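The values are calculated or read from the model by the stated rules, or taken from the named source; none is laboratory data. Being a predicted model, the structure only gives us computed values, none of them experimental. Backbone-built Cβ (ideal geometry, glycine too); neighbour counts: all protein chains shown. Surface accessibility is based on the protein's heavy atoms, side chains included, excluding ligands, DNA and RNA. Shrake-Rupley method; radii C 1.70, N 1.55, O 1.52, S 1.80 Å.
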Amino acid sequence: MHITNDIDGMTLALEWAAKAMYITAPNPRIGCAIVRDGAVIGAGHTLPAGQAHAEIEALRDAQARGNDVRGATAYVTLEPCNHHGRTPPCSDALVRAGLGRVVAAMQDPNPLVAGQGLAKLAAAGIEVDCGVLADAAYEMNIGFFSRMRRGLPWVRLKSAASLDGMTALHSGESQWITGPAARADGHAWRARACAILTGIGTVKADDPQLNVRTVQTPRQPQRIIVDSKLEIDLDAKVLAGAASWIVAADANPAKEAALRAAGHDVIMLPNAAGKVDLAALMRELGRRQINELHVEAGAKLNGSLIREGCVDELLVYLAPSLIGEGQGMFALGPPASLEQRQRLTFHEVKQVGEDLRILARFAPI
């Protein structure tokens, strides 16, 4: 592959970052490509937490190929780190390697970095540029940016419905409104999330596994159930295998003890009304280093999350069909006027199989 400009170089680095989509949490997905005279002489991506970052992997790749990186240009999708965390600073490694130029897509939002990595490179005489394909780099790590800037995960609420907005018949029958391509795509969005959240109503009605099945993934997201009264059946599928987090409001010592004995975590977060404090839950998930939260719940919990300002983005699949009377996507209640309606912006609209996929955002961060 011949790199003719910075856009080409960063595009390649982003392709490498995408290879790390499912493995880096809670760290960001980063790619790095090292280029000399248009030729790629080393490339890599971030490994799981505690292992090498993208820049180190790219330097290792160049060395393994027998390539000299001195004076070369490194394209990296996020500013090289400048602090000792689980691994040493990447900025130091780039200085030692003698790179001539480093191009970053964005500054790191981590306050431990926040421009210091680029400053160290510049102080060492390395030419530095920042801002190439920044929007694409942001989207790659939107949850990491959310957690660093707000202390909150990026919350993506998924729903699948008919063209008239029905997710199921009144009887609850819903398999399958959308087609196989949309269902597989939905699992790919599950796979990229750090955690998947649903409510006790969905657990009771559908007994979901709440895991990734139709796409390959090296790890399953954390499963979270909002269950105010701890009504969950200990034999529920969502409790099988790995530990789940159950978020409750009413104390039930016997049920709590049984869940904890089975390896699950019970998080008590009551609000004044005796329900789960959803805003406090989002703050707790931020503390637990959840970058992206994927919600697949019923209309009631969906509506509560939206009303309390806990949702950043809707991921909606619309099937080319009409149901008429049925169950809707969001139980929001009627506004007093149109001015009180929930406003969003369309971020992306794409056809997936025979269905339409809409990404709509409440507000940028």
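Name the trypsin sites (Lys or Arg not before Pro) in segment 52-120 that are in a loop by DSSP and that have at most 14 other C-beta atoms within 10 Å, would you?
On the way: sites: ARG60, ARG65, ARG70, ARG86, ARG96, ARG101, LYS120; in loops: ARG65, ARG70, ARG86.
Filter output for segment 52-120: ARG65, ARG70, ARG86.
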Using a 1.4 Å probe on the protein chains only, how many percent of the accessible area of the chain belongs to carbon and sulfur?
52 percent
Among the aspartates and glutamates, select those whose C-alpha is under 17 Å from the C-alpha of LYS237, and discard any that sit fewer than 8 residues away in the same chain.
ASP206, ASP207, ASP227, ASP265, GLU296
Taking the simple approach of a point 7 Å from Cα along Cα-to-Cβ for both ARG149 and GLU325, what is their distance in nm?
4.6 nm
Let me know the Kirkwood hydrodynamic radius for the chain, please, with Cα pairs as the basis and the value in Å to one decimal.
22.2 Å
Could you do me a favour and compute the accessible area per residue for segment 1-160, 1.4 Å probe, result in Å²?
40 Å²
Distance in nm between label sites at LYS204 and MET21, each 7 Å beyond Cα in the beta-carbon direction?
3.6 nm
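Go through LYS19/LYS300; LYS229/LYS300; LYS275/LYS350; LYS158/LYS275 and tell me which ones have a Cα-Cα distance over 26 Å in this structure.
Details: LYS19/LYS300 36 Å; LYS229/LYS300 16 Å; LYS275/LYS350 37 Å; LYS158/LYS275 22 Å.
In this structure, LYS19/LYS300; LYS275/LYS350 exceed 26 Å between Cα atoms.
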With a cut-off of 8 Å between alpha carbons and a minimum separation of six or more residues, what is the relative contact order of segment 41-196 in percent?
14 percent
In nm, what is the difference between 0.36 nm times the number of residues separating ALA261 and ALA122 and their Cα-Cα distance?
44.7 nm
Just the number, please: Stokes-Einstein D of segment 270-341 in µm²/s, Kirkwood Rh from C-alpha pairs, 10 °C, 1.306 mPa s.
110 µm²/s
The chain: most fluctuating residue of LEU293, LEU99, LEU112 per GNM, C-alpha cutoff 10 Å:
LEU112
From zero up to wherever the largest Cα-Cα distance of segment 30-189 sits, split into 5 Å bins and tell me the percent of pairs in each.
2, 8, 15, 18, 15, 10, 8, 6, 6, 5, 4, 2, 1, 0
Put TRP176, TRP189 in order of accessible area, largest first, 1.4 Å probe: what do you get?
TRP176, TRP189
To the nearest 10 degrees, how steeply does helix 6-18 sit against the main Cα axis of the chain, on a 0 to 90 scale?
50 degrees
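Per residue, how many Å² of accessible area does segment 180-288 show with a 1.4 Å probe?
Details: 4830 Å² over 109 residues.
Using a 1.4 Å probe on heavy atoms only, each residue of segment 180-288 averages 44 Å².
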Sequence gap at least 6, Cα distance under 8 Å: using those rules, report the relative contact order of the chain to the nearest whole percent.
15 percent
What is the helix-to-structure angle for 180-192, meaning the angle in degrees between its Cα long axis and the longest Cα principal axis of the chain, kept from 0 to 90 and rounded to the nearest 10?
60 degrees
